[in-house]
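These notes are about the structure you will find just below.
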Amino acid sequence: MVNMRYALYLGCLIPFREMNYEISTRRVAKDIGIEICDMGDANCCGLPIDSVNHEMMTLLAARNLCLAENMELDIMTLCNGCTGVLMKVNKKLKADRELRKKVNHQLSSIGMEFQGKIKVKHFAQILADIDVDILKKFIIKPLHSLTIAGYIGCHIFRPSEFMEVKNPENPSLLDDLIKLTGAKSVRYVDEYQCCGFVEGAIEPQIPLFLAREKLRNAKKAGADAMVTICPSCHQVLDSNQRRAERKFSEIYDLPILHYPQLLGLAMGISHEELGFNELRVKPAKLLEYLMEV
Amino acid sequence: MEIQRTVKEMYYRVDPKFKYKVLKAPGGETFKFCYQCGTCTATCPVARFTDIFRPNKIIHLAKLGIRNVTYSDAVWLCVNCYSCTERCPQGVKVADVMRLLKNLAVEDGYIPEFSKEFMKNILNTGFVYSIPSSRISKRVTLGLPPPPQPKLADLKKLGEMVKISELIE
Ligand code: SF4
Ligand code: SF4
């Protein structure tokens, strides 16, 4: 057990549309020894309205940061978008005194103050920072027979200026985490290209094209399943997969797992407990296959 | 959105001071360094699947002061993935410039319906989507704790701070 405590920031998509991500994260975190405290008063991170008003986005993010400061806990995020926004605003407010003064003046209207006491980290980053040898002890059912295509998304490593990634052209974060489970991690064309989720509101066809490229390329590379660490990516690849199949008259049938679901399997947790039933593309074949080996 | 229509209307009004406005605003500082190499467009996932969106062209038009670029739907096609920012050889924060152009459009009263809806949802529920009650009861069935319930009065006050209602009316 690692003995950590985090304030869990869920965002908007996960608690209502990607509950299997939340279920599997809570389950896996419990076994590893990461205690999760819920942020009962959290609001939208602000990203979706950054394009409307940058200031309002900053205030929404700052309010969430203040809530965690009051809990005296670092934030654990699960969504790349939330991670990017909360991390950026947190860093900017810590570094820029003028901005901080202005934002604190605005926050005083709701009795809050940004103090710059906490950090924001994605669950994947938290795991990556734990000593591998400690994590390996939890892997009691290594998934040696599986080939996984990781899809890392965007905001967790771009812009690299803020996200502290050593090699932004080849971020190894998800790759390493997949290898931890014993599975083979394959590389494929376009693995770092955006899922296009936000485009859904404007030009719904574009995410389908983007999904098609990734699904095809991952299959070509021999992947049994894909793994994501962001609910938006998961929506495009899993929930939209049938739509893409219909549009292009192609069959992909590629299960898309949330990373904690994959990790959970390797930790010997049953798939029911990891929310596999909620996946759109049914991973039945994958699970059968795991039973056999 | 009728993207085709607005792209034609792009070539209308010229405002020579527009570039200064972009340069002064947070996020726009780097846009003057663009030398039109097209790397941003080459790496852009959206440009790959539509002819309408070319980030380098948008920057060029904005530099020339062709104000209408911000009223076009094209700029709203940017999904803010930062690939361009990451790869621009001139250090232009392209994604931030796109975001800023959208902000300026909103200030001028041009706001797409979906953005309006997002903002309204946040003020009314705390979340960007309206949440059907079936989802909340589903959480109970799945054994998950109750979802966050942000204090809406707080959000309303923050909205008043930046006069958000004027932008989404
Ligand atoms: S990559 Fe940079 S310099 Fe090249 S066209 Fe785009 S913004 Fe301009
Ligand atoms: S941030 Fe926007 S302009 Fe830049 S690559 Fe992504 S979609 Fe294209």
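Quick look at the values:
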| item | result |
| --- | --- |
| Hits in region B:4-56 - residues which are of a type in the set (D, E, K, R) and either more than 11 Å from ligand 2 (Cβ to nearest atom) or modelled with pLDDT under 90 (or both) | B:ARG5, B:LYS8, B:GLU9, B:ARG13, B:ASP15, B:LYS17, B:LYS19, B:LYS21, B:LYS24, B:GLU29, B:LYS32, B:ASP51 |
| Search result, residues across region B:82-135 that are more than 28 Å from A:PHE162 (Cα to Cα) and within 16 Å of ligand 2 (Cβ to nearest atom) | B:PRO112 |
| Any hit, region B:109-119, residues being facing chain A (nearest Cβ under 9 Å), in a helix (DSSP H, G or I), within 16 Å of ligand 1 (Cβ to nearest atom) and under 30 Å from A:SER108 (Cα atoms) | no |
| Tally, over region B:69-93, of residues that are more than 13 Å from ligand 1 (Cβ to nearest atom) and either within 12 Å of another protein chain (Cβ to nearest Cβ) or open to solvent by less than 20 Å² (accessible area, probe 1.4 Å) (or both) | 11 |
| Options B:LEU158, B:LEU101, B:LEU144; residue that is surrounded by 14 or more Cβ atoms within 10 Å (Cβ to Cβ), in a helix (DSSP H, G or I) and facing another protein chain (nearest Cβ under 8 Å) | B:LEU158 |
| Whichever residue in region A:147-172 is more than 14 Å from chain B (Cβ to nearest Cβ) and at pLDDT 95 or above and, among such residues, is farthest from A:CYS79 (Cα to Cα) | A:THR147 |
| Selection count, region A:209-247, where residues are away from ligand 2 (no atom under 16 Å from the Cβ), assigned to a helix (DSSP H, G or I), over 15 Å from the mean Cα position of the chain (by Cα) and buried (at least 20 other Cβ atoms within 10 Å of the Cβ) | 4 |
| Restricting region B:26-48 to residues that are in contact with a Pro (Cβ under 8 Å, 6 or more places away or on another chain) and among the hydrophobic types (A, V, I, L, M, F, W, C), the residue that is farthest from the other protein chains (Cβ to nearest Cβ) | B:CYS37 |
| Neighbours by Cβ (under 8 Å, 6+ apart or cross-chain): first from region A:125-136, without any contact (Cβ under 8 Å) to a residue 12 or more places away in the chain; second open to solvent by less than 80 Å² (accessible area, probe 1.4 Å) | A:ASP129/A:LYS121 |
| Residues (hydrophobic (A, V, I, L, M, F, W, C), open to solvent by less than 20 Å² (accessible area, probe 1.4 Å) and closer than 15 Å to B:TYR82 by Cα) located in region B:17-51 | B:PHE31, B:CYS40, B:CYS44, B:VAL46, B:ALA47 |
| Identity of the residue in region A:184-202, assigned to a strand (DSSP E or B) and out of contact with any Lys or Arg (no Cβ under 6 Å at 6 or more places or on another chain), that ends up least open to solvent (accessible area, probe 1.4 Å) | A:VAL186 |
| Close pairs (6 angstrom Cβ cut-off, 6 or more residues apart or separate chains): closer than 16 Å to B:THR30 by Cα and of a type in the set (Val, Ile, Thr) in region B:70-86, open to solvent by less than 20 Å² (accessible area, probe 1.4 Å) and assigned to a helix (DSSP H, G or I) anywhere | B:THR85/B:VAL94; B:THR85/B:ALA95 |
| Counted residues, region B:52-67 - those being part of a helix (DSSP H, G or I), open to solvent by 20 Å² or more (accessible area, probe 1.4 Å) and away from ligand 1 (no atom under 11 Å from the Cβ) | 1 |
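Residue-by-condition table, conditions (1) closer than 30 Å to A:LYS136 by Cβ; (2) open to solvent by 20 Å² or more (accessible area, probe 1.4 Å); (3) touching a residue at least 12 places away in the same chain (Cβ under 8 Å); (4) within 7 Å of chain B (Cβ to nearest Cβ):
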| residue | (1), (2), (3), (4) |
| --- | --- |
| A:GLU35 | yes, yes, yes, no |
| A:CYS44 | no, no, yes, yes |
| A:ALA61 | no, no, yes, no |
| A:LEU65 | no, no, yes, no |
| A:MET71 | no, yes, yes, no |
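The values are calculated or read from the model by the stated rules, or taken from the named source; none is laboratory data. Just so it is clear, the model here is predicted, and its values are computed rather than measured. Heads up, the Cβs are rebuilt from the backbone with ideal geometry, glycines too, and the neighbour counts pull from every protein chain shown. Just the protein is used for accessible areas: all its heavy atoms, side chains included, with ligands, DNA and RNA removed. Shrake-Rupley method; radii C 1.70, N 1.55, O 1.52, S 1.80 Å.
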